[in-house]
1. Working only within the stretch 128-187, note down all residues that are buried (at least 17 other Cβ atoms within 10 Å of the Cβ), over 30 Å from ASP210 (Cβ atoms) and of a type in the set (Val, Ile, Thr).
2. Quickly run through the stretch 45-98 and pick out the residues that are of a type in the set (Phe, Trp, Tyr) and over 24 Å from MET144 (Cα atoms).
3. Select from the stretch 1-33 the residues that are of a type in the set (S, T, N, Q) and surrounded by fewer than 20 Cβ atoms within 10 Å (Cβ to Cβ) and list them in ascending order.
4. Mind listing whichever residues of the stretch 48-78 are polar (S, T, N, Q) and surrounded by 14 or more Cβ atoms within 10 Å (Cβ to Cβ)?
5. Inspect the stretch 153-160 for any residue being of a type outside the set (Ser, Thr, Tyr), more than 14 Å from the chain's Cα centre (by Cα) and under 24 Å from THR110 (Cβ atoms) and give the result as yes or no.
6. Within the set of pairs 6 or more residues apart or between chains, which connect a residue that is more than 17 Å from ASP96 (Cα to Cα) and of a type in the set (Gly, Ala, Ser) inside the stretch 21-48 to a residue that is at pLDDT 95 or above and not in a loop (DSSP other than H, G, I, E, B) with Cβ atoms less than 7 Å apart?
7. Within the stretch 167-190, which residues are β-branched (Val, Ile, Thr) and either in contact (Cβ under 8 Å) with a residue 24 or more places away in the chain or not in a helix (DSSP H, G or I) (or both)?
8. State all residues of the stretch 120-151 that are within 14 Å of the ligand (Cβ to nearest atom), more than 25 Å from GLN73 (Cβ to Cβ) and touching a strand residue (DSSP E or B) at 6+ places or on another chain (Cβ under 9 Å); if no residue qualifies, say none.
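The values are calculated or read from the model by the stated rules, or taken from the named source; none is laboratory data. Owing to the predicted nature of the structure, the values given are computational and were not obtained by experimental measurement. Here the Cβ positions follow ideal geometry from the backbone for every residue, glycine too, while neighbour counts run over all protein chains shown.
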Amino acid sequence: MFITFEGIEGTGKSTQITRVKEYFEAQGKEVFLTLEPGGSRVGQELRKMLLHVDNSDLTPITELFLYLADRAQHIAQVIRPALDAGKVVLCDRFADSTIVYQGYGRGLDTTVLRQLNEVAVDGMWPDLTIVLDINPEIGLKRAMLRNLEDGKAKEEGRFEAEHISFHNRIREGYLTWAAINRDRISVANADGTPEEVFERIQTIIDGHLDR
Ligand code: TMP
């Protein structure tokens, strides 16, 4: 089982993924938690390049290929082996981030992005994708605060530094893309306490398992 989590900055994805991990473990399943960019050794180097505020001169196409390179390495070295070993794989961001950020956000052609993603994922599409949805103003504030608290405002702040209109496009992009891919992607309202949000996610996961 391969589940990915998506959403704009500051939706509380990492907190929720940890809860989902505990939920599956309580059912006796072995869970592997990973993320993009940065889920492999080489990917960690790519992550530094991709997220540092100093790299604001990356062109959209360069940015795209770095994310795809990260994904290809992640699939081959990390995700495929974990799934082959029978683990539940939970991934913080995956191919849909490319469609939404590089497509709806940067303006690249989503049909081309879908084809390039096919190459990078090499047949490994998630069984289920959960988009955490929140007002971008709330999300962005949370994300900036977290980066400051972690002392990572520069290292991880390149996307947070984008104008609010970019983040609004990303949110709309996720909702549009989820509607196009209803069979795989579900949207959960991320406004509320962590417990409330987790209940919504649990309902989605249980519904998927019952199918
Ligand atoms: P995060 O790990 O804090 O979520 O940061 C990753 C950033 O990278 C986030 O702003 C979204 C962006 N991103 C893309 O633009 N394209 C992608 O394919 C992926 C995986 C992430």
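1. ILE170
2. Once the filter is applied, which keeps residues that are of a type in the set (Phe, Trp, Tyr) and over 24 Å from MET144 (Cα atoms), the stretch 45-98 yields only PHE65.
3. Correct list: SER14, THR15, THR18, GLN27.
4. Result: ASN55, GLN73, GLN77.
5. yes
6. SER40/GLN73; SER40/HIS74; SER40/GLN77; SER40/VAL78; GLY43/ASP70; GLY43/GLN73; GLY43/HIS74
7. Those that are β-branched (Val, Ile, Thr) and either in contact (Cβ under 8 Å) with a residue 24 or more places away in the chain or not in a helix (DSSP H, G or I) (or both): ILE170, THR176, ILE185, VAL187.
8. Passing the criteria: LEU132, ILE134, GLY139.
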